[in-house]
Amino acid sequence: ITIGDIQAFIQYVKNFTQPITQIAQVINQVQSMAAASERVFEFLEEEEEEQIAANPVPTDNIRGEVEFKHVKFGYKEDQIIIKDFCANVKPGQKVAIVGPTGAGKTTMVKLLMRFYDVNSGEILIDGHNIKDFNRRELRDAFGMVLQDTWLYKDTIMENIRYGKLDATDEEVIAAAKAAHAHHFIETLPGGYNMELNEDASNVSQGQKQLLTIARAILADNPILILDEATSSVDTRTEIQIQNAMDNLMKGRTSFVIAHRLSTIKDADIILVMKEGDIVEQGNHEELLAKGGFYADLYNSQFEEAEAS
C-alpha cells in the first residue's frame, strides 16, 4: 500500500463521515426546535389577560396600605398552598417574606401584581380590591429591584432615567446619590455618559444592583418588591447596597424577598413560608420567642456565619 492510497482512503472516510455528522446535528436542532415550538404555541394559545376593569380605580394617589383578607390560593385547584391568609400592612411598612429555597416566596408577589388571581378571599390596596384597578396601572404602581438586574445598551444616564422617562439630568443624579451609585459612576470613563454593553458586562454585579436601585428611587413607586440577595458582591459593596435599599424603602410599603434573615430584623411583618404555605407570621422578636420554623432558620444561618 502506498502513501497515496492511505491519503486517498482517509479523504474518502472524511467525505463519508462528514455528511453523517451533519445529519446528526440537524436532527438535534430539529428536536430542540420542536420542544421550543411547543412552548411558543402554548404561550400563543394562552387567553389574553383582562387589562381593563369595569369601573377602574385610579392609581394616582396610592398610599400603600395592603390588606390580605382570607386569601386562599393554589396553582392547581386540587393543590391549595395558601390557606386562609390574613394580614394588614399599613402604608410605609416593611414586609419580609422568608423561607428556604423553593418555599414559594415569589407567590405572594405574583398575587399582589395579579399575575395570578386568588381562588377566594381578597387582596385590597387602600381599601380597593386589586381587581378594581386596571391591570397595567396596578403593576405600574409597583417598583421592583430584583437580584437579576435588567440594564440595556445605552448610557448610564439613560438606564437610570428609564425609571421616569421625563426626568431631568439633575433628578437622575439625585437618585444616583441616594442609591450610593454617584461615586462609582463618577470614577468611570465618561461618567454618566459611559455606554453599557448589551449585558452590562463592563460594570460589576454590585454596581448593576446600585444602578437598578437608583432607577427605582427615581420612579418613586408607592409599593416596592425587593429581592435583597447580595451573595455575589463583596462586603463593602453589600453595605452600600443595603444602605441604598434603606433609602429606597423610606416612606414606601415594601415587600422584601429575604435570603439572609439578619437583614430583615427590623421588618414590621415577617411571613415565613414552607413548601408553599405560610406557616408563621409576626415580627422578629415574636417569631424567635415562638421557637418555631423561623427560629430554626435564623439559628441555622447564625451558626453558619459563626462557622465561616
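The values are calculated or read from the model by the stated rules, or taken from the named source; none is laboratory data. Just so we're clear, the structure is a prediction, and the values are computed from it rather than from any experiment. Positions of Cβ are generated from backbone atoms using ideal geometry, with glycine treated the same way; all protein chains shown enter the neighbour counts.
If A167 satisfies all but one of (1) assigned to a loop (DSSP other than H, G, I, E, B); (2) among the small types (G, A, S); (3) closer than 19 Å to R252 by Cα, what's the number of the condition it fails?
Single failed check for A167: (3).
For the range 133-161, how many residues meet the condition of being of a type in the set (D, E) and in contact with a Leu (Cβ under 7 Å, 6 or more places away or on another chain)?
The number of residues fulfilling the criteria is 1.
Can you name every residue in the range 1-58 that is at pLDDT 85 or above, assigned to a loop (DSSP other than H, G, I, E, B) and either aliphatic (A, V, I, L, M) or touching a strand residue (DSSP E or B) at 6+ places or on another chain (Cβ under 6 Å) (or both)?
V57, the sole residue that qualifies.
Condition (residue is farther than 24 Å from I213 by Cα and in contact with a helix residue (DSSP H, G or I) (Cβ under 7 Å, 6 or more places away or on another chain)) applied to the range 85-99: is it met by at least one residue?
The answer is no, given that none of the residues of the range 85-99 is farther than 24 Å from I213 by Cα and in contact with a helix residue (DSSP H, G or I) (Cβ under 7 Å, 6 or more places away or on another chain).
Out of the residues in the range 144-197 that are surrounded by fewer than 14 Cβ atoms within 10 Å (Cβ to Cβ) and acidic (D, E), state the one that is nearest to H259 (Cα to Cα).
Result: D148.
Here is a check on your reading of the model: is P100 surrounded by 10 or more Cβ atoms within 10 Å (Cβ to Cβ), of a type outside the set (K, R), part of a loop (DSSP other than H, G, I, E, B) and under 24 Å from the mean Cα position of the chain (by Cα)?
yes
What is the number of the single condition among (1) under 15 Å from I269 (Cβ atoms); (2) crowded, with 19+ Cβ neighbours inside 10 Å; (3) in contact (Cβ under 8 Å) with a residue 60 or more places away in the chain that F68 does not meet?
In the conditions (1) under 15 Å from I269 (Cβ atoms); (2) crowded, with 19+ Cβ neighbours inside 10 Å; (3) in contact (Cβ under 8 Å) with a residue 60 or more places away in the chain, F68 misses (3) alone.
Among the candidates L271, L248, single out the residue that is surrounded by 22 or more Cβ atoms within 10 Å (Cβ to Cβ) and either over 28 Å from F73 (Cα atoms) or among the charged types (D, E, K, R) (or both).
L248
Within the range 74-89, count every residue that is in a loop (DSSP other than H, G, I, E, B) and either closer than 14 Å to I270 by Cα or in contact (Cβ under 8 Å) with a residue 40 or more places away in the chain (or both).
Result for the range 74-89: 4.
Got a number for residues in the range 260-297 being in contact (Cβ under 8 Å) with a residue 60 or more places away in the chain, within 25 Å of P222 (Cβ to Cβ) and part of a loop (DSSP other than H, G, I, E, B)?
3
Would you point out which residue out of D220, D169 is at pLDDT 90 or above and at positive phi?
D220
Tell me which of these E50 doesn't satisfy, since it passes every other one: (1) farther than 29 Å from Q93 by Cβ; (2) free of Cβ contacts under 8 Å to residues at least 60 places away in the same chain; (3) surrounded by 10 or more Cβ atoms within 10 Å (Cβ to Cβ).
Checking E50 against (1) farther than 29 Å from Q93 by Cβ; (2) free of Cβ contacts under 8 Å to residues at least 60 places away in the same chain; (3) surrounded by 10 or more Cβ atoms within 10 Å (Cβ to Cβ), the one that fails is (2).
Are any residues in the range 128-163 basic (K, R) and closer than 30 Å to N88 by Cβ, and if so, which ones?
Listed by number, the residues that qualify are K131, R135, R136, R139.
Just for the range 88-97: of the residues that are crowded, with 16+ Cβ neighbours inside 10 Å and not basic (K, R), which one is farthest from V71 (Cα to Cα)?
Once the filter is applied, the top-ranked residue is G92.
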